[in-house]
Amino acid sequence: DASSRIVFEDDPKSGSRGAKELVRAGTYPKNDALKNHVDPRTYAYIKRFFALVNVPETEFSKYRPWLLNVLLSSPSYENSQLGVEHYLEQRAKAKSKPVSGLESPKEHNAFFVDLNDRESEALLLILFINAAREGPGADMIKAWRRGDAETVNRMLREEFQDFPSLARRLIDARNQIWLSKIDGYLRSGQTYFVVVGAGHMAGPNGLLALLKA
């Protein structure tokens, strides 16, 4: 209520445009398919997985691995409406507060769109590996509810332990880009409320440490 502007990772005013652009970028051209871009063992695993949920090969094979990651890990519409971002967006709208984003839709999507085949395959495999582990999801939720950003950061890094360069791109590189924008907000004379994922907060490369420095 004390803030004059609310800033999210990506601008809520962009609506579904960013999502449509992401799906377009994550879909192979007509004469190409997933099996041409991943290890045969990975493809066999993905094929078995989708067979279990009755998704035909023609449906999943047209998507790049990173888009499959996004589709499998994104919450349902109903659950997304219960999220912190949606809640604060509705509060801002009710109070007629301006909202904006730290990233444009193109910038927000760049993490996925700019991945090469090996990185894209690794990202999908990381999702399957972590899904098979017992309990980390519940532990992360408990840490989030406690406001224990350090534990959230540590668990996030552990998820990417086999491919730390992806964590650096997803978290560290974006923090550095956002830092100059947030610094501008601090110097603007207005009160900004900046809303980002908990994984961006803690650790030596987290936004809080960078701002303190």
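The values are calculated or read from the model by the stated rules, or taken from the named source; none is laboratory data. Please read all numbers here as calculations on a predicted model, not as lab measurements. No Cβ is skipped: glycine too gets one built from the backbone with ideal geometry, and neighbour counts run over all protein chains shown. Just so you know, the surface numbers come from the protein's heavy atoms only, side chains and all, with ligands and any DNA or RNA stripped out. Shrake-Rupley method; radii C 1.70, N 1.55, O 1.52, S 1.80 Å.
So what is the relative contact order for region 3-115, in percent, with contacts set as C-alpha pairs under 8 Å and at least six apart?
57 percent
Would you mind checking K13/K47; K35/K106; K142/K212; K62/K106; K35/K181; K95/K212 for any pair whose Cα atoms are more than 29 angstrom apart?
Check vs 29 Å cut-off fails for K13/K47; K35/K181; K95/K212.
Helix-only estimate, please: 222 nm mean residue ellipticity of the chain, summing -39500 (n - 2.57) across DSSP H runs of length 4 or more and dividing by its residues, to the nearest 500.
-16000 deg cm²/dmol
So which residue, out of G83, G199, G26, gets the largest mean-square fluctuation from a GNM of the chain using Cα contacts under 10 Å as springs?
G83
Rounded to a whole number, what % of the accessible area of the chain do carbon and sulfur atoms account for, probe 1.4 Å?
Whole-percent figure for carbon plus sulfur exposure: 55.
Quick check: convex hull of the Cα atoms in region 10-49, volume per residue, rounded to a whole Å³?
Numbers: hull volume 4.2 nm³, N = 40.
For region 10-49, the hull spanned by Cα atoms encloses 105 Å³ per residue.
Can you give the log10 of the normalised intensity I(q)/I(0) at q = 0.17 Å⁻¹, computed with Debye over equal Cα scatterers of region 1-107?
-0.88
In terms of the Cα gyration tensor, with a ≥ b ≥ c the square roots of its eigenvalues, is region 58-127 rounded because a/c is under 1.5, prolate because a/b exceeds b/c, or oblate?
prolate
Nearest-5 percent of antiparallel DSSP beta bridges in the chain? Please report the intermediate quantities before stating the final value.
Numbers: 1 of 9 bridges.
About 10 percent, rounded to the nearest 5.
Need the C-alpha centroid separation for region 15-79 versus region 147-165, integer Å.
Between the Cα centres of region 15-79 and region 147-165 lies a distance of 25 Å.
Among 105-116, 50-61, how do they line up by average Cβ neighbours within 10 Å per residue, starting with the highest?
Those peptides, ordered most packed to least, come out 105-116, 50-61.
Where a Cα-Cα gap under 13 Å defines reach, which aspartates and glutamates qualify for K30, not counting those fewer than 8 residues away within the same chain?
E59
Across region 165-182, in residue order, what do the Karplus-derived ³J(HN,Hα) couplings come to in whole Hz, using 6.51 cos²θ - 1.76 cosθ + 1.60 with θ = phi - 60° and x for Gly and Pro?
With coefficients 6.51, -1.76 and 1.60, one gets 4, 5, 5, 5, 6, 6, 10, 5, 5, 5, 4, 5, 5, 5, 4, 5, 5, 5 Hz.
So what are region 115-213's ellipsoid semi-axes, whole angstrom, largest first, if each one is the square root of 5 times an eigenvalue of the alpha-carbon gyration tensor?
Gyration-tensor ellipsoid for region 115-213: 27, 18, 10 Å.
With Cβ to Cβ distances under 14 Å as the rule, what net charge do the other residues near G18 carry (K, R +1; D, E -1)?
Surrounding charge for G18 is -2.
Report the local net charge at A122: Lys and Arg +1, Asp and Glu -1, summed over other residues whose C-beta lies under 11 Å from its C-beta.
Residues close to A122 contribute a combined charge of -4.
By the scheme Lys and Arg +1, Asp and Glu -1, what is the net charge of all other residues having a beta-carbon under 15 Å from that of K47? Don't skip to the answer; put the middle values down first.
Details: positive: K35, R41, R48, K62; negative: D39, E57, E59, E121.
Net local charge, K47 excluded: 0.
Report the percentage of all Cα-Cα pairs in the chain whose separation exceeds 32 Å, rounded to a whole percent.
Counting every Cα pair in the chain, those more than 32 Å apart make up 23 percent.
Give me P(r) over region 126-182, computed from all C-alpha to C-alpha distances, binned every 10 Å, as integer percentages.
Percent of pairs per bin, in order: 22, 44, 30, 4.
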